[in-house]
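Report on the following structure.
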Amino acid sequence: MFKVKLTQLNALLDALAASYPVFAPIVEAGEANYGEYKAGAEVNLFKQTVKSAKDAFFPQSQDLMKFRTEGKKIDIIDLRRDIAPFVIFGVRACDVKSFEILDRVFLSEPVDTFYKARREKGVIVSLACAKPEESCFCTNFGIDATAPKGDVTTYTEGEYLYWIPNTDKGEQLTEAAANVLESADKADEKAVEEQKKRVGEVLRRLPNGDLDLSEFKPEKLNELFNDPDWDELSQSCLGCGSCTFVCPTCQCYDIRDFKTNDGVKRFRCWDSCMYTDFTKMAAVNSRNFQLQRFRQRFMHKLVYYPSNNDGICMCVGCGRCVKKCPISMNIVKVIKKVGGKKHD
């Protein structure tokens, strides 16, 4: 275990940035969001980022290819470039877990080579939660916010940030920061263990820390799908898509073509199953009503995805949707309402 004073956080990030591009929770307009670190940037490790860290592996907008036209001749230009190793700093346990969920989508056959290239080169520096927020409910999905995984695990306690390398990537990163980090001692290890116990108690007392997910089983798919409460729950939904854009595990995207001066550029961008034109086809839209779209989102997270992925839910309990929904309609309310009764 190593340590560095929190007052030296920028010095640590400067040391890492000398060898890697570094993405960290940068503060702009009073909000923290992941962005590329530049010397002197304000970094906040204590405030949850508005969006998750998935942008590092699955960018909100990403160029795929270009078509250059000359008369009737069309040349296809591959826009992929070699990805250099990069660091994602300060990733909470919920977001670390979300990467595993995204892996099951993008790294299954056929493999998404754009995602794979970034995933292989990313170095994850996770951050244990020191002050969980009331909107968090990660414990329902087997996530331990006091012991996040990653190539390096860090803790903030007192005046120090503690640094524990876990993998070969983590060891290499530690070497890059060797001039800033100092060795920790037994007292430091004890401080970290005491924090883990203290935060663990807080997590157990959170308002949504004991949600009942037992009803959301594949064998109850039909009963859950036809539950009459979907109608009432969906009526207040605005279909704004805020929940999908702050969600760490949503992976829906659209592919579009943009005409340029010398051809066409094809790119993909995040999409939302809450939008009226989502999956719209020439003949028909597969989900015409808000009820259908609303139900699809939560059935996917709680039933469809788990049924194909060893029972793993497509939610990590980060609480971002709880905080950002303008009418306070979120997955917690769905779990309590739909999952709060027996479906026989």
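Only the coordinates and a few stated rules stand behind these numbers; no lab work does. Predicted model only: the values in this text are computed from it and were never measured. Every residue, glycine as well, gets a Cβ built from its backbone with ideal geometry; the counts of neighbours run over all protein chains shown.
To the nearest 20 Debye, how big is the dipole of region 2-204 about its Cα centre, given +1 on the beta carbon of each Lys and Arg and -1 on that of each Asp and Glu? The partial results should precede the final answer.
Numbers: 28 positive and 33 negative charges, 107 e Å.
Dipole magnitude for region 2-204 comes out near 520 debye.
How large is the charge dipole for the chain, taken about the Cα centre, if only the Cβ atoms of Lys, Arg (+1) and Asp, Glu (-1) carry charge, to the nearest 20 debye?
920
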Just grab the label-to-label distance for residue 147 and residue 289, each label 7 Å out from Cα along the Cβ direction, in nm (one decimal).
4.7
Among 294, 180, 209, whose Cα sits farthest toward the positive end of the charge dipole of the chain (+1 at Cβ of Lys/Arg, -1 at Cβ of Asp/Glu, about the Cα centre)?
294
Any of 217/337; 5/131; 38/323; 149/337 with alpha carbons more than 25 Å apart? Name them for me.
38/323; 149/337
³J(HN,Hα) across region 80-94 via Karplus (A = 6.51, B = -1.76, C = 1.60, θ = phi - 60°), whole Hz, x for Gly/Pro?
5, 10, 4, 8, 7, x, 9, 10, 10, 9, x, 8, 6, 4, 5
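Which peptide among 37-49, 323-335 comes first, and what is the full order, when sorted by highest mean count of other Cβ atoms within 10 Å? Kindly include the intermediate steps, with their values, before the conclusion.
Numbers: 37-49: 15.5, 323-335: 17.5.
Ranked by mean Cβ neighbours within 10 Å, highest first: 323-335, 37-49.
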How fast does region 218-338 diffuse by Stokes-Einstein, in µm²/s, taking the Kirkwood radius from C-alpha pairs at 37 °C and 0.692 mPa s?
209
Taking the Cα centre of region 245-344 as origin and charging only Cβ (+1 Lys, Arg; -1 Asp, Glu), how large is the dipole, in debye to the nearest 20?
420
So what is the relative contact order for the chain, in percent, with contacts set as C-alpha pairs under 8 Å and at least six apart?
21
Among 218, 235, 191, pick out the residue whose Cα is farthest towards the positive end of the charge dipole of the chain, where Lys and Arg carry +1 and Asp and Glu carry -1 on C-beta, about the Cα centre.
235
Residue order, fewest to most surrounding Cβ atoms within 10 angstrom, among 244, 276
276, 244
Rounded to the nearest 0.05, what FRET efficiency do residue 61 and residue 309 have when you use their Cβ-Cβ distance and R0 = 30 Å?
0.65
